[in-house]
1. Of the conditions (1) touching a Phe, Trp or Tyr at 6+ places or on another chain (Cβ under 7 Å); (2) within 11 Å of chain A (Cβ to nearest Cβ), B:G281 clears all except one; give me its number.
2. Going through the stretch B:88-123 one residue at a time, which ones are open to solvent by 10 Å² or more (accessible area, probe 1.4 Å), assigned to a loop (DSSP other than H, G, I, E, B) and either hydroxyl-bearing (S, T, Y) or free of Cβ contacts under 8 Å to residues at least 40 places away in the same chain (or both)?
3. Anything in the stretch A:101-122 that is more than 12 Å from B:G272 (Cα to Cα) and either small (G, A, S) or open to solvent by 10 Å² or more (accessible area, probe 1.4 Å) (or both)? List them, or say none.
4. Out of (1) away from every other protein chain (no Cβ under 14 Å); (2) at pLDDT below 95, what's the single condition that is false for B:H238?
5. Hey, can you tell me all the residues within the stretch A:280-313 that are under 21 Å from the mean Cα position of the chain (by Cα), at pLDDT below 95 and surrounded by fewer than 20 Cβ atoms within 10 Å (Cβ to Cβ)?
6. Which of the following residues is more than 30 Å from A:N197 (Cβ to Cβ) and among the aromatic types (F, W, Y): B:Y250, B:Y256, B:Y237?
7. On the phi < 0 side of the Ramachandran plot, in contact (Cβ under 8 Å) with a residue 12 or more places away in the chain and in a helix (DSSP H, G or I): which single residue out of B:S171, B:S202, B:S157 fits that description?
8. Provide a single number: the residues in the stretch A:261-315 that are farther than 27 Å from A:G100 by Cβ, in a loop (DSSP other than H, G, I, E, B) and of a type in the set (A, V, I, L, M, F, W, C).
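The values are calculated or read from the model by the stated rules, or taken from the named source; none is laboratory data. Just so we're clear, the structure is a prediction, and the values are computed from it rather than from any experiment. All Cβ positions, even for glycine, are placed from backbone atoms using ideal geometry, and neighbour counts span all protein chains on display. The accessibility values were calculated without ligands, DNA or RNA, using every heavy atom of the protein model including side chains. Shrake-Rupley method; radii C 1.70, N 1.55, O 1.52, S 1.80 Å.
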Amino acid sequence: MKLARLAALMTCTAVLVGPLGCSSENGQTPSAGGSPGAGGATAEAGAAEAGDGPSNGGAPDTDDVSPGWSVTASTCAEKLTPQRMQGTLLSLLLQPVLAGEPFVFGDPNPLADGSAVIPLNFRFYISEVELLRNDGDAVAVDVVTAAGEPEPYGVHLFNAEDTDSGTLRVLAPAGDYTGLRFALGIKLACNKQTPANLDDPLDTASQMTWPHGGGFLYFRYEGRSSVADSGAAGASGAAGTNAASEVPPAVHMGGNLVTEFVPHVTVSGALSVPRSGTAERELTVAMDEVFKGANSDIDVSDFAVGFRSTPEAVAGERLRRELPELHVFELKP
Amino acid sequence: MSDGSMITKRSCSFLIASLSFAALAGCSGSDPAPANAETPLLITSTTPAGFPKGTNKDQAPADNALTEDRALLGKRLFYDPQLSRTNDVSCATCHQQAYAFSDPGAVSTGVDGRTGTRNAPSIANAAWGRSFFWDGRAHTLEEQAGQPIENPVEMDSSVSDAVAKVAADPSYVETFEKAYGEPPNADSLQKALASFVRSLVSGNSPYDRHLRGDDTDFGPQRQRGEALFLSEKCECYHCHPGGQLSNEGYFNDGTYTVGGDTGRQQVSGRVGDIGKFKVPGLRNVAVSAPYMHDGSVPTLEAVIEQYDQGGRGDPTTDPLIKPMSLTSDEKADLLEFLNSFTDPSLLEDARFAP
């Protein structure tokens, strides 16, 4: 398994200080919460003091309620005001899988018909991460680096070629959650920017840029398939993608500079964040579901014009529209 | 894998035999002329249009800040054949200014007439690079700088031997002290070379001016070519985006065929990386022939033809490389667009010359 399982675990409780211009004394005071995401959950309003401990019984810290991502929806700041100054580092190990097995970058991944698929380029953005409470509310959390500092623009770029990118880290208030939600891509305010004016992970080296006056891909996959050996069919019998013919050579999702286009993904699953130490969970990325969405017959004729008419862009838009029906991401116990 | 096959960017090469070391160093036994009001500075704030944020100084690592003294020292080393075992091959042998610091030969010739397997690409604007050599095996210019010195088919020496040679020259010792505060050593030698390479900025092409809003030298044919370059028909932009005209990634562009140089795969070991090479920036591409990792394509016209065919047909070719069915007019437009990347001032800038 070459994709990141490394998750260099950090100090027990990360503390955000310094570079963001916020001291630990005057950690940001959440304002009245807005709607934090497309899913409709609403963050609670209320002031918070940094560093307060969690409540008993595993309930999320009530004083860690964040203002939600709607507060920053209209801006694309490289250095963000953090949601909170303290929290527990939660590492989510992004693990692509195919038919339940690790989907190994750059190597042949066997299919049931005896053929194989070799991923050549696979990357996607995650931003606007929220943890979900059992009462339906959402707690916005900062996407942070291994050092516990906010990632630039609040965006994480998963790049299958770079093992360091295989861990999505967030700084979370302690508590028990029922899942998480995130944007599979970047918000419109960032998507409209010119990459030459931005830094990693939103520069041209991200390999996620469109050329036409700005704009980014949210999700990019390219691969090639080998022809099945005769007599090898049925070797696996696993569910999901069974044949090379079911694997699109390229999937590029993104391509709208006018309206908020980024899909939000909700992943259900018990998620406990301790008061001290760190937490780590595996978040799988089911490529079978990705390919299923990309191959769907949903009508995208209103999208497929100009530079968005390529097979890969059409596949990406089909995936985007099918996402609510798919189970691409899954929290593993 | 043979030694020769390990070479990607042949960073250093033979010295033009007729040039003496004394001439290269400026004047025998003495310091290179210091920067002053009459000598334009190597380090400027020029940034090519559309490049990532920051100047070349901003790209330098914290432990090798880009200074005039360091770049000047690096320039002297860059043109110094003493770095090779045979004292007749310098970095400038393969990276010739007249060709935008690339090699007009398909593959370069090192010591004792030895040849490698890869073409020496232009190193102008390398300051903004994320990895170096055609297979990306070096992560920094500092790391890159020592490899050609030790490559058997390039300079076939060792960094320690190179250090010993320059350390025997008092003027070098003085210059190292001035630049790095210490006598010559392996670390500072490589840092100095990296500093000179980092100073090689090319940002005065018609394309730069076009990106800045001046289309005086960017007429209708170039505009049509640009539109094609960015179109869904050609999709050149996926690998060659923005002003840098490289996404700094590794792709199999269809040049690889079975039995050939496997490129990135030699670094990663991954089957999927067979035939992948680092995407070169296209600045000054019209003056840096021949093309591709192995210099096997002699002209830009031939490059366009190869891409129009969708590569050479190997199944490892990237799925985004597909036949384009370009018309002859479209090919001419693309060619003219590529010609707009040439910055003539780079080719004759005295600051970068020996």
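1. All conditions are met except number (1).
2. The answer is B:T117, B:S122.
3. Those that are more than 12 Å from B:G272 (Cα to Cα) and either small (G, A, S) or open to solvent by 10 Å² or more (accessible area, probe 1.4 Å) (or both): A:E101, A:P102, A:P110, A:A112, A:D113, A:G114, A:S115.
4. That leaves (1) as the condition not met.
5. Hits for the stretch A:280-313: nothing passes.
6. Numbers: B:Y250 fails: more than 30 Å from A:N197 (Cβ to Cβ); B:Y237 fails: more than 30 Å from A:N197 (Cβ to Cβ).
Residue meeting the stated conditions: B:Y256.
7. On the way: B:S202 fails: in a helix (DSSP H, G or I); B:S157 fails: in a helix (DSSP H, G or I).
Just one listed residue meets the conditions, B:S171.
8. 6
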